[in-house]
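Asks: If you scroll down you'll find the structure; I have some questions about it.
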Amino acid sequence: NLKKIVTYLLSSSFIEISVVIGALIAGLPLPLLPAQILWANIVGEGFMNFAFVFEPKEADLLNRSPRKSRDILSREVLTLTIVAAIVTSALLFSFFYLLTLQGLPVEKIQTLVFAALSTGGIFFALALRNFRTPIWRMDHFANKALVFSVGLSSLALMYALFLPPLRDLLHLVPLGVGEIGWVICFGLVNLCAVEIVKFFVFQRHAKMS
């Protein structure tokens, strides 16, 4: 569970830093404002970080080869963290770049990137519940704390997008139904990419078990 928390925290931080640095290098507007990043880290992702502690042990745990307890960032976990972060960063930056090509206002672009980052983080947390099992084979109600946390994070995102005082505080603008659909599509595409990375990184271990 500690490995899952570390993977989630490191990947999320790398994604935010990479997208901002990429925009600065390309001479584009900031994709996210500091207040938006702070909200995504503390409110959006904070609940799910805590919920990983209550993740039950995986079914095939006793069938695996012994590992040193201090080896938190094993080669497989480190590879998953780096590759998943790079893939998600590339997808999010591509999403941001395509939005800039549409000539949308900066506030609209930042709102869409903020929503995409938050939605992707929710799906990412669900995928990380088990490194070796795809998301469609997991029992998502086994960790009620994570279910509750996903609900809170989703509710916090909706409040940020639809509650005018909070939306103004975060410098966000209203989104249409079609735009929300694109955000959800981004989250699903990112989820598929993470699942593919999981499969290739842990494929050897899955065959051994």
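The values are calculated or read from the model by the stated rules, or taken from the named source; none is laboratory data. Here the structure is a predicted model, which is why all the values come from computation and not from measurement. Note: ideal-geometry Cβ built from the backbone for every residue, glycine included; neighbour counts use all protein chains shown. Just the protein is used for accessible areas: all its heavy atoms, side chains included, with ligands, DNA and RNA removed. Shrake-Rupley method; radii C 1.70, N 1.55, O 1.52, S 1.80 Å.
Asks: Restricting the search to region 1-37, which residues are part of a loop (DSSP other than H, G, I, E, B) and touching a His at 6+ places or on another chain (Cβ under 8 Å)? Don't jump to the end; show me each part of the working.
Replies: Within region 1-37, the subset part of a loop (DSSP other than H, G, I, E, B) is 1, 27-33.
Scanning region 1-37 gives a single hit, Leu33.
Let's see how each residue does on (1) of a type outside the set (D, E, K, R); (2) closer than 22 Å to Leu30 by Cβ; (3) modelled with pLDDT under 90; (4) open to solvent by less than 40 Å² (accessible area, probe 1.4 Å):
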| site | (1), (2), (3), (4) |
| --- | --- |
| Asn143 | yes, no, yes, yes |
| Phe162 | yes, no, no, no |
| Asp168 | no, yes, no, no |
| Pro174 | yes, yes, no, no |
| Lys198 | no, no, yes, yes |
| Phe202 | yes, no, yes, yes |
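Asks: Next up: Taking into account only those residues within region 9-19 that are among the hydrophobic types (A, V, I, L, M, F, W, C) and surrounded by fewer than 16 Cβ atoms within 10 Å (Cβ to Cβ), which is farthest from the chain's Cα centre (by Cα)?
Replies: Looking at residues that are among the hydrophobic types (A, V, I, L, M, F, W, C) and surrounded by fewer than 16 Cβ atoms within 10 Å (Cβ to Cβ), I get Ile17.
Asks: Within the bounds of region 38-52, is there any residue that is open to solvent by 60 Å² or more (accessible area, probe 1.4 Å), touching a residue at least 40 places away in the same chain (Cβ under 8 Å) and either part of a helix (DSSP H, G or I) or under 22 Å from Leu157 (Cβ atoms) (or both)?
Replies: Yes: region 38-52 contains one or more residues that are open to solvent by 60 Å² or more (accessible area, probe 1.4 Å), touching a residue at least 40 places away in the same chain (Cβ under 8 Å) and either part of a helix (DSSP H, G or I) or under 22 Å from Leu157 (Cβ atoms) (or both).
Asks: Quick one: count up the residues across region 21-37 that are more than 29 Å from Phe148 (Cα to Cα) and open to solvent by 30 Å² or more (accessible area, probe 1.4 Å).
Replies: Here the count works out to 8.
Asks: Of all residues in region 88-105, which are touching a residue at least 12 places away in the same chain (Cβ under 8 Å), open to solvent by 60 Å² or more (accessible area, probe 1.4 Å) and farther than 28 Å from Glu195 by Cβ?
Replies: The answer is Pro105, and nothing else.
Asks: Name the helices (runs of 4 or more DSSP H) wholly within region 94-209 that hold at least 2 residues that are farther than 23 Å from Leu2 by Cα and in contact with a helix residue (DSSP H, G or I) (Cβ under 8 Å, 6 or more places away or on another chain)?
Replies: Helices (runs of 4 or more DSSP H) meeting the threshold: 106-127, 144-162, 164-169, 177-201.
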